[in-house]
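The structure under discussion appears below in the form of structure tokens.
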Protein chains: 2
Amino acid sequence: MLALAGIPLGLDFVFLDPSPSAPARAVGRHIVAAYDDEAALADLAAAASVVTYEFENVPGRVAERLAATHPVWPPPTALAVAQDRLEEKRLFERLGIPTASHVAVASGEEARAAAGRIPGPALLKTRRLGYDGKGQARVEGPGDAADAFAALGGRACLIETLVPFSREVSVIAARSPAGEVAVYPLAENLHVGGILRRSRAPAAAGGAVDPARRAEAYARAILQDLGYVGVLAVEFFEVEGDLFANELAPRVHNSGHWTIEGAETSQFENHVRAVAGLPLGAATARGHSLMLNVIGTSPDAARVLAVPGAHLHLYGKAERPGRKLGHVTVRSDDPGALEDAERRLAFLLPPREEEAR
Amino acid sequence: MLALAGIPLGLDFVFLDPSPSAPARAVGRHIVAAYDDEAALADLAAAASVVTYEFENVPGRVAERLAATHPVWPPPTALAVAQDRLEEKRLFERLGIPTASHVAVASGEEARAAAGRIPGPALLKTRRLGYDGKGQARVEGPGDAADAFAALGGRACLIETLVPFSREVSVIAARSPAGEVAVYPLAENLHVGGILRRSRAPAAAGGAVDPARRAEAYARAILQDLGYVGVLAVEFFEVEGDLFANELAPRVHNSGHWTIEGAETSQFENHVRAVAGLPLGAATARGHSLMLNVIGTSPDAARVLAVPGAHLHLYGKAERPGRKLGHVTVRSDDPGALEDAERRLAFLLPPREEEAR
């Protein structure tokens, strides 16, 4: 989707992806190799004038190595923060951004002790390599904390309080090398089993408080602090009007896919504009948008496109349970039309029981 | 642009284009060969489940040959009509669509005689292989008609009356194999030296008459008559509220490029949906759009993108005088914002003197 947005700007793309069937192969030269393959990195470096990434588990040392000779955006420091949940929490705290209280734990015994100090259930999360609900487990109390720690591989973890949120929201923002910032309207997200299923944007206003304004201020603080260039996503829990930062992603984000149709400039185009040093486009919404993920199995394209206003985005990936294969966006000036569309596209959402888990 | 719209629908593209630097090379496999190269056509046929084209000077016999084994859309009959200005005029007349009065001429002597019967200046046009103002000449009277005929290569021509139009408009419409039709709002076009420079859409209403409604009816008649599948463009001259069809194009059209940002579904996506047998998307406008062509020389991307709302589309073509290298679209809910944008993008338009030619 980055290349689809960047090709019209006159840019060429070269991709390094270890999967021979990477979606990007359709829109540029594809170097099939491990992220840390020396020859592949030399090939990439020779071809590229600027380097970016859209997966936060790219090895940090690879970003650092390329940054010695090329602009690498977002900056490797942002990647390092995003790769370690403890560093992420420290960043939030340093910038005065509320986040769930937490303790770092390095052993089953530490996990048990920490769970004992947290009232009620908690979440145990590996510090590294987590995404889409991977690398985390719910802990009911001290009794199951050590087992959960072992089940997550005995790796360094955080244990954090469960936030009793009323909804999940996220903000997407872009920053250019010149310091120009564009912030998209807040999206309201539904996750099931740790996987994003639905985003609506702009999120409904939060009553007396203004979560969108608060989220924008937090995003701007992070962009500024990290000397960030490119698109950043920050996910929040909303609790009685307060926002608690859950995590950040140093890349274009699934909760911003609605911007292709629903914003004046998509997150993909603004990411490309930012890393290429071009002026950013407006991040204003065009009406209201509903985004539903396509998970696990590919729907019949004709069935999706028969729904008025539906736009289908398939990524060319093979089917696999829990895998994000694509998404569908419906945009309308009339929010009521989106409710109709969601009813007609309900086959993309998980059954109610799963949703209620 | 067709592939950029079709890749998200899960489709793969293979291109046959004789130019090694064809823009499409960035988004699919590119077979570099003449349009009538037998081995290349066999390669294309083996790879494709459906065939389309976006240049009306593809040899008609090639479309016919592929149609023996594959769906070829738009139908080869539409291509045949579009390739011969006389057939085009006959179609318009058969369907009751007003068009400039005209005479077929096959020699300099016939051209001279026909020019003598037309009051005032006329246009001499080759029946075949005309586009972007190529293959036509203005004739002041019988005195210069034979020379003009010779200058156009002594090929079969039409001579037609000059239509004293108040403006040029065009309609873009799509039809699916199931007979579903989507018609875009009318665009108002400015040509200079035979080359489209600017489109605005939706075109301002025409006072007492409703040219958009009339154009839609004409487009629907043509689609129906030709058993058409895909996107069709029809260009008109508007004369005191009446529309005179000038020509049709059996393809996505430059005067519909604004639909990428400015319509709910772009002409490119609807063409792909149609030829792939998928339901069409809405052709409704999202606000107001201004499209300016990039002709001859590539502008500085940063200068274009610094204009609020500007979207840049470069085709990856080398610079050449008169060549269409890309376009810029600005979309806004506020038509006044487009006037500002056009002033700031005036460097894309030709100097006033040229415009007044």
Looking at chain A, what % of the alpha carbon pairs are farther apart than 40 Å? 11 percent
Apply the Karplus parameterisation 6.51 cos²θ - 1.76 cosθ + 1.60, with θ equal to phi minus 60°, to every residue of segment A:248-265 and state each ³J(HN,Hα) to the nearest whole Hz, in sequence, with x for glycine and proline. 10, 10, x, 5, 4, 9, 3, 6, x, 5, 4, 5, 4, 9, x, 10, 4, 10
Which residue, B:15, B:347, B:236, tops the fluctuation ranking in a GNM of chain B built on C-alpha contacts under 10 Å? B:347
Radius, Kirkwood style, for segment A:1-157 when every pair of distinct Cα atoms is counted (Å): 18.0 Å
Other copies of residue B:300: label-to-label distances in nm, shortest first, labels 7 Å along the beta-carbon direction: 5.4
Please give the total accessible area that chains B and A bury against each other, computed with a 1.4 Å probe and expressed in Å² to the nearest 100. 2400 Å²
If amide hydrogens are placed 1.01 Å from N in the peptide plane, which non-local residues have theirs closer than 5 Å to the one on residue B:31? B:15, B:16, B:17
Round to a whole number: what % of the accessible area of segment B:1-111 belongs to carbon and sulfur, probe 1.4 Å? 55 percent
What are the distances, in nm and sorted shortest first, from the label point of residue A:217 to the label points of the same position in each other copy, with each label point placed 7 Å from Cα along the Cα-to-Cβ direction? 6.0
Overall dimensions of segment A:143-228 by Cα: Rg and Dmax, Å: 17.2, 52
For residue B:288, which sequence-distant residues (separation of 5 or more, or a different chain) have an amide H within less than 5 Å of its own amide H, given hydrogens modelled in the peptide plane? B:332, B:333, B:334
Could you work out which residue, out of A:59, A:119, A:299, moves most in a Gaussian network model of chain A, that is, has the largest mean-square fluctuation with Cα springs under 10 Å? A:119
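Residues with beta-carbon under 9 Å from that of residue A:290, excluding residue A:290: net charge, scoring Lys, Arg +1 and Asp, Glu -1? Intermediate values should be presented prior to the final figure.
On the way: positive: A:198, A:200, A:331; negative: A:339, A:342.
Net charge in that neighbourhood comes out at +1.
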What is the spread of the Cα atoms of segment B:2-82 along each of their three principal axes, largest first, in whole Å? 30, 25, 23
Mean projection of the alpha-carbon convex hull of segment B:167-356 over all orientations, in nm²? 10.8 nm²
Please state, as a whole number in µm²/s, the translational diffusion coefficient that the Stokes-Einstein equation yields for the protein assembly as shown at 4 °C and 1.567 mPa s, with Rh defined as the Kirkwood radius across alpha carbon pairs. 46 µm²/s
Net charge around residue A:238, counting only other residues with Cβ within less than 12 Å of its Cβ (Lys, Arg = +1; Asp, Glu = -1)? -4
1/(1 + (r/R0)^6) with r = Cβ-Cβ of residue B:104 and residue A:34, R0 = 45 Å, i.e. FRET efficiency to nearest 0.05, evaluates to 0.10
Counting each DSSP H run of 4 or more residues in chain A as -39500 (n - 2.57), what helix-only mean residue ellipticity at 222 nm follows after dividing by all residues, to the nearest 500 deg cm²/dmol? -8500 deg cm²/dmol
Vicinal HN-Hα couplings computed from phi for segment A:300-311 (Karplus, 6.51 cos²θ - 1.76 cosθ + 1.60; Hz; Gly/Pro x): 5, 4, 5, 5, 5, 6, 6, 7, x, x, 6, 10
Apply the Karplus parameterisation 6.51 cos²θ - 1.76 cosθ + 1.60, with θ equal to phi minus 60°, to every residue of segment A:228-236 and state each ³J(HN,Hα) to the nearest whole Hz, in sequence, with x for glycine and proline. 6, 9, x, 9, 10, 10, 10, 9, 10
Who wins for biggest fluctuation among B:83, B:224, B:136 in a Gaussian network model of chain B, springs between alpha carbons below 10 Å? B:224
Can you work out D for segment A:101-161 in µm² s⁻¹ from Stokes-Einstein, where Rh is the Kirkwood radius over C-alpha pairs, the temperature is 25 °C and the viscosity is 0.890 mPa s? 228 µm²/s
Mind giving me the nanometre distance, one decimal, between the label points for residue B:191 and residue A:320, set 7 Å out from Cα along Cα→Cβ? 5.4 nm
Could you list which residues have their amide H under 5 Å from that of residue A:99, counting only those 5 or more apart in sequence or on another chain, with H placed in the peptide plane? A:245
Cα centroid separation - segment B:1-69 against segment B:235-314, whole Å: 22 Å
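The values are calculated or read from the model by the stated rules, or taken from the named source; none is laboratory data. Given the structure is predicted, the values throughout are model-derived calculations rather than measurements. No Cβ is skipped: glycine too gets one built from the backbone with ideal geometry, and neighbour counts run over all protein chains shown. Note: areas computed on protein heavy atoms with side chains; ligands, DNA, RNA excluded. Shrake-Rupley method; radii C 1.70, N 1.55, O 1.52, S 1.80 Å.
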